[in-house]
1. Take the residues in the stretch 138-162 that are surrounded by fewer than 19 Cβ atoms within 10 Å (Cβ to Cβ) and of a type in the set (D, E, K, R), then tell me which one is farthest from ALA395 (Cα to Cα).
2. Which pairs turn up if I take residues in the stretch 505-525 that are without any contact (Cβ under 8 Å) to a residue 40 or more places away in the chain and look for partners that are buried (at least 16 other Cβ atoms within 10 Å of the Cβ) and part of a helix (DSSP H, G or I) with beta carbon separation below 6 Å, at least 6 apart in sequence or on another chain?
3. Restricted to the stretch 262-273, and to residues that are under 16 Å from GLN295 (Cβ atoms) and of a type in the set (A, V, I, L, M), which residue is nearest to the chain's Cα centre (by Cα)?
4. For the stretch 327-345, how many residues are more than 18 Å from ALA519 (Cβ to Cβ) and of a type in the set (Val, Ile, Thr)?
5. Is it the case that the stretch 43-56 has a residue that's assigned by TED's automatic domain parsing to the domain that holds ARG221 and farther than 22 Å from PHE414 by Cβ?
6. Determine, yes or no, whether LYS298 is crowded, with 18+ Cβ neighbours inside 10 Å, of a type in the set (D, E, K, R) and modelled with pLDDT under 80.
7. For the stretch 501-549, give me each residue that is closer than 30 Å to GLN437 by Cα, surrounded by fewer than 18 Cβ atoms within 10 Å (Cβ to Cβ) and among the charged types (D, E, K, R).
8. Within the set of pairs 6 or more residues apart or between chains, which connect a residue that is without any contact (Cβ under 8 Å) to a residue 40 or more places away in the chain inside the stretch 319-339 to a residue that is of a type outside the set (Phe, Trp, Tyr) and surrounded by 14 or more Cβ atoms within 10 Å (Cβ to Cβ) with Cβ atoms less than 6 Å apart?
Amino acid sequence: MLDQFRPDVQGNSPFIVGVSGHRDLDPAELPRLKDAVAAFVTQLKSYLPDTEVHMVVGMAPGADLLVVETALDLNVQVEAVLPMSLDQYAADFEPDTLQHLKELLRHPRVHCVELRADAQESRDVAPLSSVDARNAMYANLTDTLIRRSSLLLALWDGRPSNLSGGTADTVLRYLGVHTDESQDADALGFVSEVEELDPGTRLVYWAPTARINVAPLPLQRPPCFLSGAGDNTLQAHPSMPPWLKIQLEQFNDYNLEFRTLSASGRLGTPDSLLAPLPRLGACSRSELLEDINAQYTKADALAVYYQRRSDRLFDLFAIMAFAMGVAYLMYDKLTSSRALLIVYLVMLFTGLGAYYVLEGRRWFTKHLTYRALAETLRARFYLRLAGADHRVNSAEVLALSGIDRFEGFSWIAFVLKSIEPADIPVLTDRPPESPRQRCVEEAWIQNQHRYFTVKVAVLEKRSRRIERLKQALLVSILVVISSLFISGGAFDRMQTLLGISVKNLLTFTLGLMAILLGAWELHQNKMATRELLWQYRNQRGHFARAKALLSRVTSVRRRNEVLAELGKDSLMESYLWTIHRYHREHEPPGG
């Protein structure tokens with residue numbers, strides 16, 4: 001049994017690079033191509049010194065094996081994704097090349113998985129011919145590379161082709177410029193870099209190559225990055241786009257932070273999605289679930305860590321605002337001491353200094369980023385547990401929400417790519433399991449519904465308490481103002497034991513209550529409590545609706561549709577809350 005590729009169980013989120021290339025490379029080109037691949041991998045690793053780089057390769061003769069050899073020389077992990085069983089695949093290899101393939105598959109840094117052919121027995125169609133069946137398997141490999149790669153490395157001659165699953169088909173489909181509706185093999189144009197790309201645009205690193213008995217393109221290009229610029233049109237970028245460099249650095253920081261904070265013991269007890277499953281009499285623990293759980297545990301631990309720090313920062317600012325208000329009120333109503341003015345100024349400049357010093361640590365933004373990632377992984381975990389993972393494209397929902405355009409968020413897609421399963425049919429062809437279904441309903445739907453119900457009750461009770469306090473303060477202010485108006489100057493002439501007039505003492509007390517309430521409102525506004533209550537109510541509604549629907553459905557297909565819809569709604573609700581919180585602290589740039 002060949003080993004299933006798995007991300008690092010210690011929590012290192014790998015960066016996934018897909019590989020596609022021609023089989024019939026010109027032998028004279030091999031040294032140059034190997035240097036180009038080595039330069040690309042070296043550049044990539046320079047931005048990811050604390051992150052594993054994994055190459056996902058189909059292991060075909062020619063370009064694939066050349067890339068694997070180069071990657072292993074550079075200590076890069078390789079996932080060998082065979083489009084069919086090794087015994088079937090052997091028919092495409094010469095004896096010496098097949099022997100070389102088997103040697104590479106035995107390498108300790110090579111992990112192998114065999115893609116299943118689409119289960120024909122599940123389709124009401126006649127069996128495919130052997131040629132068509134093999135073509136379908138190669139097309140399945142192309143789909144796998146597209147689905148799982150954060151970046152594609154292509155050793156390609158630059159010519160279009162109608163060959164399904166070929167190098168040209170893989171490159172053009174990955175970039176979104178070649179679809180079933182736009183398959184014109186004779187029309188492919190290249191344009192120079194003319195516009196700035198949006199972060200998240202798919203990129204291919206292209207190493208142009210010559211092939212045996214195929215005329216090269218008239219214009220020879222050096223290795224470059226490619227992006228899609230319309231149907232059958234590619235845009236060339238001579239160097240790595242700046243936004244990709246930033247994404248890679250932020251992704252590396254994510255891995256480095258987790259490793260550093262874990263080693264120092266500052267992350268606390270991790271939350272695990274797998275822990276409740278045995279108690280619920282659930283399903284077997286699969287490697288696919290363990291991979292998502294490892295990434296969830298990591299993201300959740302970092303989210304909690306940075307949430308505590310950002311919350312303390314908000315607490316500090318609220319306390320300082322309250323203290324400054326009290327100092328000024330005491331100066332105005334109780335004693336005109338210069339010491340109070342000095343205290344006021346010290347707190348003012350201390351607060352400003354703390355703000356500018358701590359702003360660069362990006363605690364708040366990191367909290368939002370890691371929480372968005374953790375909630376995405378939570379939904380993916382339970383959808384995969386239910387066998388409905390393939391029905392929800394979480395990266396698409398993320399892009400639809402727009403938060404991947406926020407600074408510090410766009411690298412989330414790299415993590416989502418790293419947990420993609422190698423073979424979707426393994427998930428979709430699984431028979432229904434009632435224990436697994438009960439596990440999903442109890443561990444996810446009922447648990448989350450209880451959680452949001454409790455949170456809504458707590459926040460509503462707190463909101464009612466604040467409203468009553470506001471009303472009491474308003475009544476007190478009206479009573480004191482009325483008393484001062486009715487008494488004339490009597491309260492002004494009455495003195496307390498401290499030598500302070502009753503009028504000043506009353507107005508100071510009311511002012512103190514108003515400042516306390518204002519500081520609390522400031523704190524709650526910074527914490528976006530109102531938006532949090534909205535999110536909890538909406539989430540409670542989504543899970544309540546799913547509970548009701550699942551209690552009445554009988555078919556597995558309909559059950560999975562309900563779960564998929566719940567996953568999308570829950571994810572979008574989390575992203576909308578993230579957007580609200582982000583915009584409270586980051587105003588859009590001016591025009």
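The values are calculated or read from the model by the stated rules, or taken from the named source; none is laboratory data. Computed from a predicted structure; not experimentally measured. Note: ideal-geometry Cβ built from the backbone for every residue, glycine included; neighbour counts use all protein chains shown.
1. The extreme case among them is ARG159.
2. LEU506/VAL480; LEU510/VAL480
3. LEU273
4. Of the residues in the stretch 327-345, 2 are more than 18 Å from ALA519 (Cβ to Cβ) and of a type in the set (Val, Ile, Thr).
5. Within the stretch 43-56, none of the residues are assigned by TED's automatic domain parsing to the domain that holds ARG221 and farther than 22 Å from PHE414 by Cβ.
6. no
7. Listed by number, the residues that qualify are ARG537, ARG545, LYS547.
8. Once the first residue is without any contact (Cβ under 8 Å) to a residue 40 or more places away in the chain and sits in the stretch 319-339, its partners that are of a type outside the set (Phe, Trp, Tyr) and surrounded by 14 or more Cβ atoms within 10 Å (Cβ to Cβ) give MET320/MET347; MET320/GLY351; ALA323/MET347; MET324/MET347; ALA327/LEU340; ALA327/VAL343; TYR331/LEU340.
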